[in-house]
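S.K.: One structure is given below, represented as structure tokens, and several questions about it will come after.
The values are calculated or read from the model by the stated rules, or taken from the named source; none is laboratory data. These numbers were taken from a predicted model, which means no experiment stands behind them. Here Cβ is always computed from backbone atoms with ideal geometry, including for glycine, and neighbour counts include all displayed protein chains. Note: accessible area is taken over every heavy atom of the protein model, side chains too, but ligands, DNA and RNA are not part of it. Shrake-Rupley method; radii C 1.70, N 1.55, O 1.52, S 1.80 Å.
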Amino acid sequence: MTTTTPELVLEARGLVKRYGHVVALDETDFEIRQGEVLAVIGDNGAGKSSLVQCLAGAVQPDEGELLIGGQQVTLKSPVEARHRGIETVFQSLAVSPALDIASNIFLGRELRMPGIAGTVFRRLDKKRMREESLAVMSQLGLQTLQNIGQSVESLSGGQRQGVAVARAAAFGSKVVILDEPTAALGVKESGRVVKLIQDIKARGIPVILISHNMPQIFEVADRIHIQRLGKRVALVDTADIDMADAVAVMVGAKTPAELGLAR
Amino acid sequence: MNERAPELAAAAAGPAGAAPPANPSKTGLVEIEQGGPLTPIQWIERKMLSRPLIGPLAVLVIATIVFSIVSPNFGTLQNFSLILQQVQVIAMLGIAQTLVILTAGIDLSVAAVMLLSQVAMGKFAVSLGLPVELALVLGILVGVACGAINGLVVTRLNIPPFIATLGTLSIFYALNIFISDGESVPYADVPPLFNWLGTGFQVLGTTFTYGQVLTLAMFLLFAYILRSTAWGTHIYAVGDNIEAARLTGIRVDRVLMSVYVVAGLIIGLTAWLLIGRIGSISPTAGVGYNLASITAVVIGGTSLFGGRGRIMGTLLGALIVGVFSSGLSLAGFDSLWQEFTIGLLIIGAVAVDQRLRKIGR
């Protein structure tokens, strides 16, 4: 069993989630360390989505515990998860197409003008929101978007992904969860997301990457969490496994023990 | 479809597992939104997408110029004031309607709420003998209460706004007839305060009313609120992508509820405006205003699917309706052609919206 060490940013122990008779999570464990990219892989029905949703606060586990920085927490909603520094880029991106980039990045936590303009007239500080959006977009290598004030619907799929990721990265969060970030993207744009993940990591923020895209995972991930039948069957350094074995463990063709993996 | 810039391909094809760039500005991916030259139509569509008021403004300006050439009496300040008086009630209801439509809802009960609100004002002041100011405030609060009921039905009972307000339309209208006994309060019995918005002042020999001033002030106020406050942004966000709004932590039900309540407040004020406009309190004064308010919103370029539109578009939409009505009648057309033209404008406006939404996907 894992012990709580300070370097674990987010940890889960014995998570159980049932939907009627279906057991989506069967006492699964989870951990992510400071500064790493952790890929979560698993076949359909392995409980990847349920795990991510528990970590993101979107669903509540029936049993088990969640620890952030070693402290036990319960996450009742994505909003609460966000307050605790867990930013999730959902597969649907959760962007508002008709709003501009800056409004999307600050959606739900807008900045108001200082003084009476903000307190009495509730005036938004659009200038500051745009500047800060631009700053975080630049840090992520997205500064060449023509205009931070342009609407998100005028962006390509990859650029929208960039906006959603920038939002997650913008708020100095403890961990960023990317749920299938390349599922809806073309080859070129997928390459771009890889770079985004590396840029978030460069900012010192650990990333949980849920993906089916094996080459991409082996390109960016430090460790791989393999989920199977509602359990974590392996947690390995990417360097210690190859793609074929990872897939074999994922689908149950090989057991981790056969491969000499610790877990 | 726009072309992807070639630099992106180069970047994507870059070495696998390359170390994150220390300085993103050097390696930053250059992406240019419009790859190739745009055709004139594409250019106009892009402009209309980023500046949604261009369309209705162009229609209004062109119609005004054409009618001014056709009829010498059209292009006068006097006629402008008259048009504004004719459309002010629709325009005010249009503000409430715009708020609701921006959340991807619709309010079919606006006219019924207005009637109930004004009938309540009359009841409080004339039949019950309450102080006029109090009666006015209570009447406006009836509008607020109706809005709250609409909001509760939509958010608590999870009934689509179309159905919810179709139901409350009947309920509020019936209450309106019940409270008023179906009878009007004649001009002579209406307290002067209730008629105040129908009175006015002279500018360049033309009479402008306080009602017109209130209407324009309300448009400016709500243009500010929608553009420059978090609440305004959240209204757009809820109408645009309700799931995204929820996931980003916006309390969607609270936004919806507040929109219906504020709409009720605006409608309550409109009830006051209506009394000033027609001089008496009639329980059957503005039944047609429901659809007219939606017409103003739609012609003003606000999308019925929510999340897209400008409050000033609704003012333009109401003015377009007024300009066509006035212009066509001054040019000697039968009033049936006003209806006909407005129908064309609605279909045209929604066709443009559909086209723009397609580009926006």
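S.K.: Considering Cα pairs under 8 angstrom that are at least six residues apart, work out the relative contact order of the stretch B:55-360 and quote it in whole percent. Present the calculation step by step, with values, prior to reporting the outcome.
M.R.: Details: 520 pairs, mean separation 100.4, N = 306.
Taking the mean separation of contacting Cα pairs over the length of the stretch B:55-360, I get 33 percent.
S.K.: Here's a follow-up. Mind checking the angle between helix A:157-170 and chain A's longest principal axis? C-alpha axes, 0 to 90 degrees, to the nearest 10.
M.R.: For helix A:157-170, the angle is close to 90 degrees.
S.K.: How well do other chains shield peptide B:240-246, expressed as the mean number of their Cβ atoms within 10 Å of each residue Cβ?
M.R.: Per residue, the average neighbour count from other chains is 6.
S.K.: Could you tell me how many degrees, from 0 to 90 and to the nearest 10, lie between the Cα long axis of helix A:187-202 and the main elongation axis, the longest principal axis, of the Cα atoms of chain A?
M.R.: 90 degrees
S.K.: Sequence-distant or interchain residues sharing an amide H contact under 5 Å with A:Lys231, placed H: which?
M.R.: Amide H neighbours of A:Lys231: A:Asp26.
S.K.: I need the helices of chain B that pass two filters: whole DSSP H segments spanning 20 Å or more by Cα along the axis, and mean Kyte-Doolittle score no lower than -0.5.
M.R.: B:54-70, B:77-102, B:132-155, B:161-180, B:210-228, B:252-278, B:311-330, B:336-360
S.K.: Mind checking which lysines have their Cα closer than 29 Å to the Cα of B:Lys358? Skip sequence neighbours fewer than 8 apart in that chain.
M.R.: A:Lys126, A:Lys188, B:Lys47
S.K.: For the charge dipole of the stretch B:55-360, defined by +1 on Lys and Arg C-beta atoms and -1 on Asp and Glu C-beta atoms about the Cα centroid, which residue among B:Ile347, B:His234, B:Leu128 has the Cα displaced farthest towards the positive pole?
M.R.: Among B:Ile347, B:His234, B:Leu128, the one farthest towards the positive end of the dipole of the stretch B:55-360 is B:His234.
S.K.: Could you tell me whether the stretch B:132-256 comes out rounded, prolate or oblate from its Cα gyration tensor? Rule is a ≥ b ≥ c as square roots of the eigenvalues, rounded for a/c under 1.5, then prolate if a/b exceeds b/c, otherwise oblate.
M.R.: oblate
S.K.: To the nearest 10 square angstrom, what accessible area does A:Asp222 show with a 1.4 Å probe?
M.R.: Roll a 1.4 Å probe over it and A:Asp222 shows about 50 Å².
S.K.: Moving to a separate point now. Which value in nm describes the separation of the simple spin-label points at B:Ile159 and A:Gln72, placed 7 Å from the Cα toward the beta carbon?
M.R.: 4.6 nm
S.K.: Could you give me the percent of Cα pairs per 10 Å distance bin for the stretch A:40-118, shortest bin first, beginning at zero and ending with the bin that holds the maximum distance?
M.R.: P(r) for the stretch A:40-118, in whole percents per bin: 15, 37, 28, 15, 4, 1.
S.K.: Moving on. List the aspartates and glutamates whose Cα sits under 18 Å from the Cα of A:Lys254, skipping any in the same chain fewer than 8 residues away.
M.R.: Output for A:Lys254: A:Asp43, A:Asp237, A:Asp240, A:Asp242, A:Asp245.
S.K.: Given a 1.4 Å probe and no ligands, DNA or RNA in the count, how much accessible surface is buried by A and B, both sides, to the nearest 100 Å²?
M.R.: In total, this chain pair buries about 3500 Å².
S.K.: Here's a follow-up. Taking the alpha-carbon distance from A:Lys17 and a cut-off under 22 Å, which lysines remain once sequence neighbours fewer than 8 residues away in the same chain are dropped?
M.R.: A:Lys48, A:Lys76, A:Lys231
S.K.: Taking Cα pairs under 8 Å and at least six residues apart, what relative contact order does chain A come out at, in percent? Intermediate results must be reported in sequence, preceding the final value.
M.R.: Values: 510 pairs, mean separation 66.3, N = 263.
RCO, chain A: 25 percent.
S.K.: Please label the shape of the stretch B:55-360 as rounded, prolate or oblate, based on the square roots a ≥ b ≥ c of the eigenvalues of the alpha-carbon gyration tensor (a/c under 1.5 means rounded; beyond that, a/b larger than b/c means prolate, else oblate).
M.R.: Oblate, since a/c reaches 1.5 and b/c is not below a/b.
S.K.: Peptide A:188-201: average number of partner chain Cβ atoms within 10 Å per residue?
M.R.: Mean inter-chain Cβ contacts per residue within 10 Å come to 4.
S.K.: If the label point is 7 Å along Cα→Cβ of A:Phe121, which residues in the stretch B:205-239 have backbone nitrogen under 15 Å from it?
M.R.: B:220-230
S.K.: Using a 1.4 Å probe and counting only protein heavy atoms, arrange A:Glu153, B:Glu133 so the residue with the most accessible area comes first.
M.R.: B:Glu133, A:Glu153
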